[in-house]
Each structure stands twice: as structure tokens, then as C-alpha cells.
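This is the structure, below, for whatever I ask next.
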Amino acid sequence: MIAIPTLETERLVLRAWRPQDAPPFAEICADAELMRFVGGVMDQTEAWRRMATYTGHWLLRGYGSFAVEHKANREFVGYCGIYDPDGWPEREINWGLRRAFLGMGLVTEAAARVRRYAYETLGFPTIASCIDLENTPSVAVARRLSARLDRTVQFRGKAMGVFRHLAPEDIANRKL
């Protein structure tokens, strides 16, 4: 059994998934606009399977996506972590939030903490975010994190940008 760490930011707790995360996660997965670039709308059963995939990723890779909750009320707001399933272009920081929590800077805050974990704890020399180039909100998050378009790959019939995050030495003098 692998121990999934708990990470914190000023406003967030990034933690292991729990059964009670299924309904709010299914809310994300049922939202056509939120799911437009990440596989499409899912019903509750498919959302549960995706949540199980994120949890199993920890066992198979030793890292994965966290459930993200708001410290103020312990409410599940979304997910963020390191995603690298078989066949994926490369290890990436992934993210997604419930609609009610968009526009507050929470994704940027969570992703910056995950990036720090990837570099400082896991010792990754680099990490990216693989984003459909039409997904302008996620491209904007990557840019706020100072990630730059490294290359474009064709993936499942679409152009996906591989946005390279700053290297650890380049982050040292920045506050993100």
C-alpha cells in the first residue's frame, strides 16, 4: 500500500481521494464545458471510474492526482496532481475545478504546489502540462505558472500543446 501525502497551500489541502469526493467530482465530469477538452461528459459511474483511475495511478506510478479541498470549509473543489498514464505524451501536472470555484486562482495555487512537490520531493528534472490548444483557460493557467509552449503533438486526433514548466533553479527567485 502506498501512502499518499497531504500537501497544503495558503487556501487549499491536496490529499488522497475519499468516497465522499465522488458526488462533487461527478459534478465536474457532468459539466460539458469543463469536460470539453478532457474526454467529454461522463455519467456518475464513469466519473467514479476516473476517480478510481486517479487513485490507482498512485499505486502504479508512486505519484498521481490529489483531491483538492478548500481549507475554509473542507469542501471538495477539484483535483490537481501528476498524471502519466501509459501512452500519454509525458508526465504532466493536471487540474480541474468545480464551476463554483473557477476564477479564484485556486488552480494556479494548487498546480504551483504540485510542481514544487514534483521537483523537491520526487526529484523530477522537468514537468509539463499537456493542454488542448483550444483550451484557452488551461493555457492561461499554464502561462500564469510561467510554463511555455515547448512543442505540439498530435494526440487522439487533436493538437495538444506540451507546456514546459520552469525548472527548479528558475523557480527559486519567483513566487508562484
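A short reminder: the numbers here are calculations on the coordinates, not readings from a lab. Predicted model, so just to flag it, every value in this text is computed and none were measured. Note that we place each Cβ from the backbone using ideal geometry, even for glycine, and neighbour counts take in every protein chain shown.
Once amide H atoms are placed 1.01 Å from N in the peptide plane, what residues at a sequence separation of 5 or more from VAL77, or on another chain, have their amide H within under 5 Å of its amide H?
VAL68, GLU69, HIS70
At a temperature of 25 °C and a viscosity of 0.890 mPa s, determine how fast the chain diffuses translationally according to Stokes-Einstein, using the Kirkwood radius over alpha-carbon pairs as Rh; express D in µm²/s, rounded to the nearest whole number.
Answer from the Stokes-Einstein relation: 151 µm²/s.
Among ALA52, ALA72, ALA16, which one moves the most in a GNM of the chain with springs linking Cα atoms closer than 10 Å?
ALA72
How large is ³J(HN,Hα) for each residue in region 41-46, as worked out from phi by the Karplus curve 6.51 cos²θ - 1.76 cosθ + 1.60 (θ = phi - 60°), to whole Hz, x for Gly and Pro?
4, 10, 7, 4, 5, 5
Output wanted: per-residue J couplings in Hz (rounded whole) for region 49-54, from phi through Karplus 6.51 cos²θ - 1.76 cosθ + 1.60, θ = phi - 60°, x for Gly and Pro.
Each residue's phi maps through the Karplus curve to give 5, 5, 4, 5, 4, 4 Hz.
Around PHE155, what is the net charge, scoring Lys/Arg as +1 and Asp/Glu as -1 over all other residues with Cβ under 15 Å from its Cβ?
It works out to a net charge of -3.
Apply the Karplus parameterisation 6.51 cos²θ - 1.76 cosθ + 1.60, with θ equal to phi minus 60°, to every residue of region 22-31 and state each ³J(HN,Hα) to the nearest whole Hz, in sequence, with x for glycine and proline.
Listing the rounded values in order: 4, x, x, 5, 4, 4, 4, 5, 8, 8 Hz.
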